[in-house]
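The values are calculated or read from the model by the stated rules, or taken from the named source; none is laboratory data. Since the model is a prediction, treat every value here as computed from it, not as a measurement. Don't worry about glycine lacking a Cβ; one is built from the backbone with ideal geometry, like all the others, and counts go over all protein chains shown.
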Amino acid sequence: MDPILVAASEGNTAQLQSILDQDPDAIHVRHPDTSASPLHYAAESGSIEAVELLLTNGHPWNEVTNDHKTAAEWALGKGHQAVWDRLLQEGIRVEMLLALLGKPDAMEYDDETKQKLVDAGQVDVSDFLNKKLTYTDGLLVDEDGNGVMMNWEGPLMERHAAVIAPTPGLSVLNVGFGLGLIDTFLQDAKPAKHTIIEAHPDVYAKMLADGWDKKAGVKILFGRWQDVVEELEVYDGIFFDTFGEDYDALKEFHELLPNILSETGVYSYFNGLAGTNIFFHEVSCAIAEADLQDMGIETKIEKINMRDLGDEEWDGVRRKYWSLPIYNLPVCKFAM
């Protein structure tokens, strides 16, 4: 094994510093079989000092191995909670700094890492609206076999609906129809007004075929949410769940909330942020909460234990978009 990887695995900061003093590019050494980095080995050793030294010398915080594991996950696997916390703090710090500096993509990865995340289903690069969608029993997939929405989300959608529409007679907005799960639960809550935004023509056609345009109080806005902003009103409850958009789009929608969410209203969104990697998920959740806080909106998280989604749940789906044991359901309200 390369000397810098050995030094990192031993938490030997003196040796690490000596190697980097002689060859700063040694920070880029990766294990030839696993792509594990010096930070992975330092984190696994439990040495905060070694982790700090590598970060100070410019080691990326967000690299993954060939099996999509971060250094933080290697640390947690060995019970090193302090190292996990430090790397989580670093991820949040870097992402917030990039956003503050106006980088076009705050969650930025090198090409190799991004491809690994794409392969793991953590980054969606599909041109979603131009792809043919297919409805099967309890499943909506695109022409590449990617799952757009699945029936296992039902209990989550039921809780999201209860959060944004706790009583009858409210005005609610849902962005992204999919299988119509949350909209069905919202109808059960008997809202006075129920607005649905849907951009995909195949989904829109399915909505019309199923008579959603004829349901009492329902108003369908066909198009991307960015294109129908002028038609939006003020709502008591809002839910956001689009497909094929990145975090920047979610943040852009959040910036609308002060104008479209009532003072006592409740907002929530499908929290599938990095839904197959627990470390990136925690970083993404923290960034989203901070961005909402900047707009005077406080987020409380309801933790929902997810039943084991076995391989049979993903039959007919090319990539899993969720594999974490806990779902962090956001309940967002204006700070009073």
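Here are a few things to note about the model shown:
- Among the residues of segment 187-220, those that are assigned to a helix (DSSP H, G or I) and acidic (D, E) comprise D188, D202, D213.
- Any hit, segment 299-322, residues being of a type in the set (A, V, I, L, M), over 27 Å from T264 (Cα atoms) and exposed (fewer than 13 other Cβ atoms within 10 Å of the Cβ): no
- Count of residues meeting criterion [small (G, A, S) and either on the phi > 0 side of the Ramachandran plot or part of a helix (DSSP H, G or I) (or both)] in segment 265-281: 1
- Being among the polar types (S, T, N, Q) and in contact with a Lys or Arg (Cβ under 8 Å, 6 or more places away or on another chain) is a condition met by no residue of segment 155-170.
- Residue check, M107 modelled with pLDDT under 50 and buried (at least 17 other Cβ atoms within 10 Å of the Cβ): yes
- When segment 221-264 is limited to residues that are aliphatic (A, V, I, L, M) and assigned to a helix (DSSP H, G or I), the one that is surrounded by the most Cβ atoms within 10 Å (Cβ to Cβ) turns out to be L257.
- With respect to (1) closer than 18 Å to V163 by Cβ; (2) under 17 Å from the mean Cα position of the chain (by Cα), the lone exception for Y235 is condition (2).
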